[in-house]
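Worksheet for the structure shown next.
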Ligand code: DGL
């Protein structure tokens, strides 16, 4: 089954997930669509996030994809249940902050969850917190998505922004930091420098494994030719060039 697998994110963050999925399933053909023109989604009201996610995901559906990955915690929280109900036959993999493994990695200290405003305020995260919310500090990653979208993930500006957000916690015993937005794996190095003792968690591996499992289960895995990756963006050629550069930066 050589049909496309559609990946959706508000911007370039989902590239971090695409990279992991491509490594796990190199024979698949991927179509990545980033809504860079409208990123960030995080500070927007729920109805707007839903409408933008619907537009992006419908683009993928109109290409006849065999599966969808919502490579965005924010869009998943706002829209995954709706699109799953509309397309019950379609494998649709969403994301959530990797709080569960981080919770079990604690050894007496606390967990920081760094995510977008919307992810932290919506009901999906509330349910996760009810299960694994002991000793959790939630931090809205204000300004971080914009820096990654601007190609400034490795800049001193990003470092300063991270320090402003996370500096208040560096003297505490932080055992784990959850990168609860797919843009944040691109900030992994400076975050690790702030908390050298902490384990960092993100949902990339779990998402890629889940996608593989669902495809396998339905006999939809492709295993002959090496696969292809097509990039599309509402942000035009500059955004596509950034996606390609970020994919390479992870290799
Ligand atoms: N990459 C997204 C996430 O995982 C959303 C970033 C945004 O647009 O605010 O939440």
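The values are calculated or read from the model by the stated rules, or taken from the named source; none is laboratory data. Quantities reported herein were computed from a predicted structural model and do not represent experimental measurements. Glycine also receives a Cβ, built like all others from the backbone with ideal geometry; neighbour counts cover every protein chain displayed.
Tally the residues that are under 11 Å from the mean Cα position of the chain (by Cα) and away from the ligand (no atom under 14 Å from the Cβ), restricting the search to region 10-22.
Looking only at that region, the number is 0.
Just for region 28-45: of the residues that are touching a residue at least 12 places away in the same chain (Cβ under 8 Å) and more than 10 Å from the ligand (Cβ to nearest atom), which one is farthest from residue 211 (Cα to Cα)?
Only one residue fits best here, namely 37.
State yes or no: is residue 71 within 18 Å of the chain's Cα centre (by Cα), under 24 Å from residue 36 (Cβ atoms) and more than 16 Å from the ligand (Cβ to nearest atom)?
no
Would you confirm, using the coordinates I've provided, whether residue 25 is under 15 Å from residue 223 (Cβ atoms), modelled with pLDDT of 95 or more, out of contact with any strand residue (DSSP E or B) (no Cβ under 7 Å at 6 or more places or on another chain) and more than 9 Å from the ligand (Cβ to nearest atom)?
Details: under 15 Å from residue 223 (Cβ atoms): yes; modelled with pLDDT of 95 or more: yes; out of contact with any strand residue (DSSP E or B) (no Cβ under 7 Å at 6 or more places or on another chain): yes; more than 9 Å from the ligand (Cβ to nearest atom): yes.
Taking the combined requirement at face value, the residue satisfies it.
If you scan region 163-202, which residues turn out to be touching a helix residue (DSSP H, G or I) at 6+ places or on another chain (Cβ under 8 Å), within 16 Å of the ligand (Cβ to nearest atom) and not in a loop (DSSP other than H, G, I, E, B)?
Those that are touching a helix residue (DSSP H, G or I) at 6+ places or on another chain (Cβ under 8 Å), within 16 Å of the ligand (Cβ to nearest atom) and not in a loop (DSSP other than H, G, I, E, B): 165, 177, 178, 179, 184, 185, 186, 187, 191, 200, 201.
Answer yes or no: is there a residue in region 46-55 that is farther than 28 Å from residue 114 by Cα and away from the ligand (no atom under 15 Å from the Cβ).
Checking region 46-55: not a single residue is farther than 28 Å from residue 114 by Cα and away from the ligand (no atom under 15 Å from the Cβ).
Would you mind finding the one in 11, 64 that is modelled with pLDDT of 95 or more and closer than 24 Å to residue 214 by Cα?
Sole residue among the options that is modelled with pLDDT of 95 or more and closer than 24 Å to residue 214 by Cα: 64.
Among the residues of region 203-221, are any in contact with a helix residue (DSSP H, G or I) (Cβ under 8 Å, 6 or more places away or on another chain), at pLDDT 95 or above, away from the ligand (no atom under 14 Å from the Cβ) and within 20 Å of residue 133 (Cα to Cα)?
Within region 203-221, not a single residue is in contact with a helix residue (DSSP H, G or I) (Cβ under 8 Å, 6 or more places away or on another chain), at pLDDT 95 or above, away from the ligand (no atom under 14 Å from the Cβ) and within 20 Å of residue 133 (Cα to Cα).
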